[in-house]
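Participant: Pasting a structure here, questions to come.
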Amino acid sequence: MLREFEFFHGIVFARLLHATSERISIKPFPTSDNASYVINETVGVYIKYSSKRLTPWGFSFQKRHQDEILRMKNELGEVFVLLVCNDDGIVGLNFDEVRNLLDEAHQDAEWIRVARSRGQMYAVSGSDGALGYKASKDDFGQRIITASKSQIVKVPILSWFKSDRAETVRK
């Protein structure tokens, strides 16, 4: 029996593969959840999906989900949260964008909401803030490929607190 998450994760990987003509490696990130993967050995992706048919789409983040995203950031240097909005599109958020939506004070459960009017880009908001711009449904693949090509010097973030944040240096 196929599980629902396999369909949605498959959509992500198909789009990612079609974003480039280069070879891509995909492997699971070592965790008990089934939402985390590593692309080209350097970029983490954390996938959430909503099977709701119409906008707005809601995505819940338990504290352990946010801790796993932070762990991926610290171990890999770059991480994207991918929000699959049923068959409408995929919103890709980098770590800084996620931190604008879900701050460092992790509650037991927090949320990100994605909404889109017909023919428009996505408005994205969260428990603790909103993006000040609209997100594309098509650019996540290219953002991940670009990040995986960058040589990244990994500098630990240590925590979600912005004052504890060390910058990631690209060469």
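Participant: Which of the residues spanning the range 20-68 are open to solvent by 40 Å² or more (accessible area, probe 1.4 Å) and among the aromatic types (Phe, Trp, Tyr)?
Facilitator: Answer for the range 20-68, where residues must be open to solvent by 40 Å² or more (accessible area, probe 1.4 Å) and among the aromatic types (Phe, Trp, Tyr): just TYR49.
Participant: A further question follows. Filter the strands (runs of 3 or more DSSP E) completely within the range 1-107 down to those with at least 2 residues that are over 21 Å from ALA147 (Cβ atoms).
Facilitator: Where strands (runs of 3 or more DSSP E) fall fully within the range 1-107 and carry at least 2 residues being over 21 Å from ALA147 (Cβ atoms), they are 43-50, 57-62.
Participant: While we're looking at this one, here's another question. Return only the number of the condition from (1) modelled with pLDDT under 95; (2) under 12 Å from the mean Cα position of the chain (by Cα) that VAL79 does not satisfy.
Facilitator: Only one criterion is unmet by VAL79, namely (1).
Participant: If you don't mind, another one. Which of (1) out of contact with any helix residue (DSSP H, G or I) (no Cβ under 7 Å at 6 or more places or on another chain); (2) closer than 15 Å to LEU101 by Cβ; (3) not acidic (Asp, Glu) is the odd one out, the single condition THR55 does not satisfy?
Facilitator: THR55 satisfies all of (1) out of contact with any helix residue (DSSP H, G or I) (no Cβ under 7 Å at 6 or more places or on another chain); (2) closer than 15 Å to LEU101 by Cβ; (3) not acidic (Asp, Glu) except (2).
Participant: Would you pick out the residues in the range 27-38 that are touching a helix residue (DSSP H, G or I) at 6+ places or on another chain (Cβ under 7 Å) and either modelled with pLDDT under 95 or over 22 Å from PHE7 (Cβ atoms) (or both)?
Facilitator: If the condition is that a residue be touching a helix residue (DSSP H, G or I) at 6+ places or on another chain (Cβ under 7 Å) and either modelled with pLDDT under 95 or over 22 Å from PHE7 (Cβ atoms) (or both), then THR31, ASP33, ASN34 are the ones that fit.
The values are calculated or read from the model by the stated rules, or taken from the named source; none is laboratory data. The shown structure was predicted, so the numbers you read here are calculated from the model rather than taken from an experiment. Virtual Cβ from ideal backbone geometry, glycine too; neighbours counted across all protein chains shown. SASA here: full protein model, heavy atoms, side chains in, ligands and nucleic acids out. Shrake-Rupley method; radii C 1.70, N 1.55, O 1.52, S 1.80 Å.
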